[in-house]
1. Considering only the other residues whose Cβ falls under 15 Å of the Cβ of Leu7, what net charge follows from Lys and Arg at +1 and Asp and Glu at -1?
2. For a footprinting-style exposure proxy, rank Phe140, Phe82 by other Cβ within 10 Å, fewest first.
3. Using only the Cα atoms of the range 2-115, what semi-axes does the equivalent ellipsoid have when each is the square root of 5 times a gyration tensor eigenvalue? Give whole Å, largest first.
4. How large is Rg/Rh for the range 50-165, to two decimals, with Cα atoms and a Kirkwood Rh?
5. I want to verify the translational diffusion coefficient of the range 20-69 in µm²/s; compute it with Stokes-Einstein, Rh as the Kirkwood radius over Cα pairs, at 25 °C and 0.890 mPa s.
6. In deg cm²/dmol, rounded to 500, what helix-only [θ] at 222 nm does the chain give when every DSSP H run of at least 4 residues adds -39500 (n - 2.57) and the total is split over its residues?
7. Do you know the relative contact order of the chain, to the nearest whole percent, from alpha carbon pairs under 8 angstrom that are 6+ apart?
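Derivation of every value follows stated rules applied to the coordinates shown; laboratory data play no part. All values reported here derive from a predicted model rather than from experimental measurement. Please note: Cβ atoms are built from the backbone with ideal geometry, for glycine as well, and neighbour counts cover all protein chains shown.
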Amino acid sequence: MLAVLILALTDGASLPDALAAARSLLRAETDNEETLRAIEMAEALADSGRPHEKAIARLGQGWIAEEALAISIYCALVARSFRQAVILAVNHDGDSDSTGAIVGNLLGAMHGAKVLPAEWLAPLELREVIAELAEDLYAFQEWEIGEYSRNDELNRRIWRKYPGY
């Protein structure tokens, strides 16, 4: 589900539209009930006006995938900024590092690196390497590489950069 959301968001969908697309795909799968229920509860709680701590507690602690995703979706929906979403996602009694990472993925896919607080980026080791890898992950679907590629130079360059692709 997270991959579907990330793809939709990087293609320019709003979070509500990405969630609708993800729910639609999920409904076509078997054994979808727990994840579908968690996503729908996150959306309902985001519209409820319930205090954040109580809403997040209602979604669980994030130790299982559907709870972590639901908490992250809730935080992304209710927060007014990237900073607020991450702070909400990491300040609960459960698997807060996972929920913080997931909400960061969602909002990063929606808004890009520009939403990251500068003071969070300043001490980041290997920042340039991380940025280059992120750009490559976004762009790789356009690369014409592999055994059927006619661009030998691109194949060699990518192979040197990412051996074993």
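1. Details: positive: Arg23; negative: Asp11, Asp17, Glu142.
That works out to -2.
2. On the way: Phe140 12, Phe82 20.
Listing Phe140, Phe82 from fewest to most nearby Cβ atoms yields Phe140, Phe82.
3. Numbers: eigenvalues 72, 63, 30 Å².
Square roots of five times the eigenvalues give 19, 18, 12 Å.
4. Numbers: Rg = 18.3 Å, Rh = 16.3 Å.
Checking Rg against Rh, the ratio lands at 1.12.
5. Working: Rh = 11.4 Å.
Answer from the Stokes-Einstein relation: 214 µm²/s.
6. Values: 10 runs with 112 residues, N = 165.
Helix-only estimate at 222 nm: -20500 deg cm²/dmol.
7. Details: 146 pairs, mean separation 28.5, N = 165.
Relative contact order of the chain: 17 percent.
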